[in-house]
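Sharing a structure here in C-alpha cells format.
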Amino acid sequence: MTIMLKTLDQVPGLGTVEGPQLPFEAHEVSAREIVRARVAAEVERYNNAEDPPPLAGWVTPPEPERTLNGPRRERRRPLDTERQIEVALEALRKRRVVLLFNGVQVEDIDAPLLLTPISEAYFLRLVPLAGG
C-alpha cells in the first residue's frame with residue numbers, strides 16, 4: 001500500500017507553502033529517504049518545466065520591467081539530482097534547514113520514522129540574523 005506524505009515548507013517571514021506529496025511503500029522511512037524523495041521530485045519538476053518554477057522568497061521584477069526585458073531566451077542547465085540531494089542533506093546536518101516529522105524535530109536523519117496516512121514533513125529553512 002502506498003502512503004502519501006504531505007510536505008510543507010516555511011521560511012520565517014514568508015509563511016508556509018505546500019510542497020509535493022511524496023509516495024512511500026514502506027510504513028517506516030528515515031529523514032534521509034524523505035529528503036531524497038523530496039529533492040528528486042523538485043529536481044524532476046525543475047528539469048521538466050518549460051519556465052523555471054518560482055522560488056519562495058526570491059524577488060520578482062515588476063511587470064513593466066518584465067515587459068521591457070521580454071522573455072528569457074537562454075536554456076537552463078538541468079540540475080543533477082544526486083548533487084542536490086547532497087546539498088539538502090548538508091543543510092540538514094548544519095541546521096540551516098530543520099525537518100519536523102509529525103511535529104517533532106528530527107535529530108537523527110537515519111532513525112526510522114513511523115509513516116501514517118496523516119503524516120507531515122515540515123521543512124523550516126532558517127535564515128541568519130542581520131549583523132550576526
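The values are calculated or read from the model by the stated rules, or taken from the named source; none is laboratory data. Everything quoted here is computed from the prediction, not taken from an experiment. Here Cβ is always computed from backbone atoms with ideal geometry, including for glycine, and neighbour counts include all displayed protein chains. Quick note on the areas: whole protein, heavy atoms, side chains included, nothing else; ligands and nucleic acids left out. Shrake-Rupley method; radii C 1.70, N 1.55, O 1.52, S 1.80 Å.
Return the residues of the range 12-36 that are basic (Lys, Arg) and more than 12 Å from the chain's Cα centre (by Cα); say none if nothing qualifies.
Of everything in the range 12-36, just one residue is basic (Lys, Arg) and more than 12 Å from the chain's Cα centre (by Cα), namely ARG32.
Are any residues in the range 1-43 in a strand (DSSP E or B), among the hydrophobic types (A, V, I, L, M, F, W, C) and either open to solvent by 50 Å² or more (accessible area, probe 1.4 Å) or closer than 13 Å to LEU114 by Cα (or both), and if so, which ones?
ILE3, MET4, LEU5, VAL17, PHE24, VAL29
If you check ALA41, ALA91, ALA56, which single one turns out to be within 30 Å of MET1 (Cα to Cα), modelled with pLDDT under 95 and touching a strand residue (DSSP E or B) at 6+ places or on another chain (Cβ under 9 Å)?
One residue alone meets the criteria, ALA41.
Among the numbered criteria (1) open to solvent by less than 80 Å² (accessible area, probe 1.4 Å); (2) modelled with pLDDT under 90, which one does ASN69 miss?
(1) is the only condition that ASN69 fails.
Would you confirm whether or not the range 107-114 contains a residue that is outside any loop (DSSP other than H, G, I, E, B) and over 16 Å from LEU5 (Cβ atoms)? Reasoning before the result, please.
First pass over the range 107-114, keeping only residues outside any loop (DSSP other than H, G, I, E, B): 113-114.
Then keep just the ones that are over 16 Å from LEU5 (Cβ atoms); that gives none.
Taking every residue of the range 107-114 in turn, none turns out to be outside any loop (DSSP other than H, G, I, E, B) and over 16 Å from LEU5 (Cβ atoms).
Then there's this: Please go through the range 81-111 and give me each residue that is open to solvent by 90 Å² or more (accessible area, probe 1.4 Å) and in contact (Cβ under 8 Å) with a residue 12 or more places away in the chain, ordered by number.
Residues satisfying the conditions are ARG93, ARG95, ARG96.
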